[in-house]
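See below for the structure under consideration.
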Amino acid sequence: MTTYPTLFITHRGARHQQAALQGAPPELEITMLRDPSKEDIVQHLPGKRILITERAQPIDAQIIAAGDELELVQRLGSQTYDIDLAAARAAGIPVCYQPIGTTIMVAEHMLLQLLALAKRLREAMHAVTLDQDWGMPPKRCTEDHFVVDFTHRQGIGTLYHQTVGILGFGEIGIELARRLKGFECTVLYNKRSRLPETAERDLAIHFASQDDLARASDYLCILLPYSPETEEFIDKDFIAMMKAGACIVNCGGSPLLNEADVRDALASGRLGGVASDTFVWEPIRQDNPLLDLARVPDSNMLLTGHTASGSLEAAGLPERFVDYTNIRRWMAGEPLLFQVA
């Protein structure tokens, strides 16, 4: 069996790394580096025929030049703004990206959260089920008879032309920004390293500091990964910077919300709505402070059980087999997919 020395650089933890290795073709001899420096990549790349990159480090001309036997660069995800495509073309090295299905699913889930809070969906649905006459007898609808807002809901909003802030802007943030274009939102983002101007224009997004993003956003999307620094990051002090009546939606790493502070802000009316897919304790504890409001339909609280990325076995991770689609095609001499250089 022919083997292919491969360098895999990632930002993800041990569980995700193990899942990636389990999905790999047996022909790959993988060296995996987490959050490597540029010097680490340059040191390990010589002799490797494949470079798999998962947003751990920009791939510049110096790195490409260090790949003396490099034959393929495969980005996991759809972001290629940080790869020097001109240097890759000059070296004759193909570069491909691979859309991540679960990433797209999380972006879809966050869009669902945004719309559900804007439309006060849980309250609207609950009101229809109430045994009330709504002040008038029902009458069969015709072209000229219908009753708009017959349950007398208030505060139903829209995403159209709203300011949406995305705190933590990786692959999910990019997929969300693409899906928000149709709503003509002002989309602000914050991440450790600002994207190039070409990427900002392409995605119709604007960089902002964390504080400015908090102050300006009508809807704040939390997509930060977990770290000791981000644990319960969204607390009363952060919320105090936000617009009165703004909404928080969270699909980030699990313990990002100070759940008691978020609950109190929603109960007081300081926040206009809260949606979260992840929690400090999972499975969720029954003393979670969010649960009492979640049981009240008109509180505009939407909780889901870490399902944004789809239906998986408990504590499971997505199948990573698809990540290697292009590598299998390259080994078989077939045309590459999603090739950008």
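Contact annotation: residue pairs with Cβ atoms under 7 Å, 6 or more positions apart or on different chains, pairing a residue in the range 7-27 that is more than 16 Å from L76 (Cα to Cα) with a partner that is exposed (fewer than 15 other Cβ atoms within 10 Å of the Cβ) and of a type in the set (S, T, Y), are E27/T2; E27/T3.
Matching residues to (1) hydroxyl-bearing (S, T, Y); (2) modelled with pLDDT under 95; (3) more than 25 Å from S78 (Cα to Cα); (4) in contact with an Asp or Glu (Cβ under 7 Å, 6 or more places away or on another chain):
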site: A275; (1), (2), (3), (4): no, no, yes, no
site: W281; (1), (2), (3), (4): no, no, yes, no
site: N288; (1), (2), (3), (4): no, no, yes, yes
site: S311; (1), (2), (3), (4): yes, yes, no, no
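Looking across the range 57-84 at every residue that is surrounded by fewer than 19 Cβ atoms within 10 Å (Cβ to Cβ) and among the hydrophobic types (A, V, I, L, M, F, W, C), the one that is nearest to the chain's Cα centre (by Cα) is identified as A61.
The one condition from (1) surrounded by fewer than 16 Cβ atoms within 10 Å (Cβ to Cβ); (2) part of a loop (DSSP other than H, G, I, E, B) that F169 does not meet is (1). Sub-8 Å Cβ pairs linking a first residue in the range 69-93 that is farther than 24 Å from G170 by Cα to a second residue that is of a type in the set (D, E, K, R) and in a loop (DSSP other than H, G, I, E, B), at least 6 apart or interchain, are E69/K48; E69/R49; L70/K48; L70/R49; E71/R49; I93/E71, ordered by first then second residue.
Can you pull out the residues in the range 133-165 that are without any contact (Cβ under 8 Å) to a residue 24 or more places away in the chain and within 25 Å of the chain's Cα centre (by Cα)? Listed by number, the list is empty, since nothing qualifies. For D40, state whether it is among the acidic types (D, E) and part of a helix (DSSP H, G or I). Answer is yes for this residue. In this structure, does L51 turn out to be in a loop (DSSP other than H, G, I, E, B) and buried (at least 22 other Cβ atoms within 10 Å of the Cβ)? For L51, the condition - in a loop (DSSP other than H, G, I, E, B) and buried (at least 22 other Cβ atoms within 10 Å of the Cβ) - is not met. Of the set (1) farther than 30 Å from G155 by Cα; (2) out of contact with any strand residue (DSSP E or B) (no Cβ under 7 Å at 6 or more places or on another chain), all apply to I93 but (2).
The values are calculated or read from the model by the stated rules, or taken from the named source; none is laboratory data. Being a predicted model, the structure only gives us computed values, none of them experimental. Note: ideal-geometry Cβ built from the backbone for every residue, glycine included; neighbour counts use all protein chains shown.
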